[in-house]
Amino acid sequence: DQQVKQNSPSLSVQEGRISILNCDYTNSMFDYFLWYKKYPAEGPTFLISISSIKDKNEDGRFTVFLNKSAKHLSLHIVPSQPGDSAVYFCAASVPGGGADGLTFGKGTHLIIQP
Amino acid sequence: DAEITQSPRHKITETGRQVTLACHQTWNHNNMFWYRQDLGHGLRLIHYSYGVQDTNKGEVSDGYSVSRSNTEDLPLTLESAASSQTSVYFCATRTGPNTEAFFGQGTRLTVV
């Protein structure tokens with residue numbers, strides 16, 4: 001039973017355009033959401049996060065939107081750059097879940113086309 | 001700079017052997033985790049620890065064990081390696097709720 005779902009295994013976007021990566025969750029107890037970026041042969045690196053009390057968080061080219069009623073979040077990258085080509089993981093945690101770890105989706109492979 | 005280091009980066013072992021993967025962090029975080037990454041599954045939690053002498057099972061803990069004798073280290077042991085444990089293993093630390101987790105570079109383990 002997958003609690004965090006990324007239904008698109010891959011996404012191809014032209015350089016300079018907007019990349020939108022989607023994530024759905026089923027556990028209504030999740031209150032903190034994160035996006036990680038992963039290059040081959042490296043560990044995941046933190047990108048951006050959002051608390052359930054917000055519906056939007058922005059950091060430079062990256063914006064995360066949270067729709068609690070739909071249990072959906074998305075990551076927008078504008079403009080997309082070649083270095084953004086990587087696998088992106090959506091993750092979530094429950095309240096007081098600092099030691100319980102994060103629950104991850106299966107990832108979306110973003111490919112930025114020149 | 002604080003960091004989290006995994007060793008070895010690559011390991012090949014035979015079925016049935018015991019193998020231990022090391023994880024060392026200098027963040028001084030109490031919370032440490034082990035994940036495995038497999039195609040089609042993303043990252044799945046194996047074990048985690050709140051602090052010294054504390055260990056807990058995660059989603060896919062069968063065949064694995066951890067020990068926590070100090071804050072810095074959380075070694076992961078495969079008691080009797082199986083081919084199904086061929087995977088990439090990541091160690092991570094986290095300060096607490098509503099914070100990001102920091103990951104090591106990963107260990108690619110092949111069981112033949």
Open item on the list: Any residue in region A:32-47 that is facing chain B (nearest Cβ under 10 Å) sitting within a Cβ distance under 7 Å of a residue that is exposed (fewer than 15 other Cβ atoms within 10 Å of the Cβ)? List the pairs, counting only those 6 or more apart or interchain.
Closed with: A:Tyr32/A:Ser51; A:Tyr36/A:Thr45
Task: Residue check for B:Glu72: closer than 24 Å to A:Phe46 by Cα and more than 14 Å from every other protein chain (Cβ to nearest Cβ) - done: yes
- [ ] Within region B:25-72, count every residue that is touching a residue at least 40 places away in the same chain (Cβ under 8 Å) and over 10 Å from the mean Cα position of the chain (by Cα).
- [x] 12
TODO: Among the residues of region B:11-48, count how many are over 25 Å from B:Thr71 (Cβ atoms), of a type in the set (Gly, Ala, Ser) and part of a strand (DSSP E or B).
DONE: 1
Open item on the list: Take the conditions facing chain B (nearest Cβ under 7 Å) and at pLDDT 95 or above and apply them to A:Gly96. Does it pass?
Closed with: no
Task: Counted residues, region B:99-112 - those being assigned to a strand (DSSP E or B), closer than 21 Å to B:His10 by Cβ and not polar (S, T, N, Q) - done: 4
- [ ] Give the residue, chosen from B:Asp73, B:Asp38, that is surrounded by fewer than 20 Cβ atoms within 10 Å (Cβ to Cβ), within 15 Å of B:Thr86 (Cα to Cα) and of a type in the set (Asp, Glu).
- [x] B:Asp38
Open item on the list: Looking at A:Ala41 and the list (1) modelled with pLDDT under 95; (2) under 22 Å from B:Tyr35 (Cβ atoms); (3) touching a Pro at 6+ places or on another chain (Cβ under 9 Å); (4) not charged (D, E, K, R), which single condition is not satisfied?
Closed with: (3)
- [ ] Considering only region B:78-98, state which residues are surrounded by 16 or more Cβ atoms within 10 Å (Cβ to Cβ), among the β-branched types (Val, Ile, Thr) and in a loop (DSSP other than H, G, I, E, B).
- [x] B:Thr86
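The values are calculated or read from the model by the stated rules, or taken from the named source; none is laboratory data. If you're wondering where the values come from, they're calculated on a predicted model, not measured in any experiment. Neighbour counts are summed over all protein chains in view; Cβ atoms, including those assigned to glycine, are modelled from backbone coordinates with ideal geometry.
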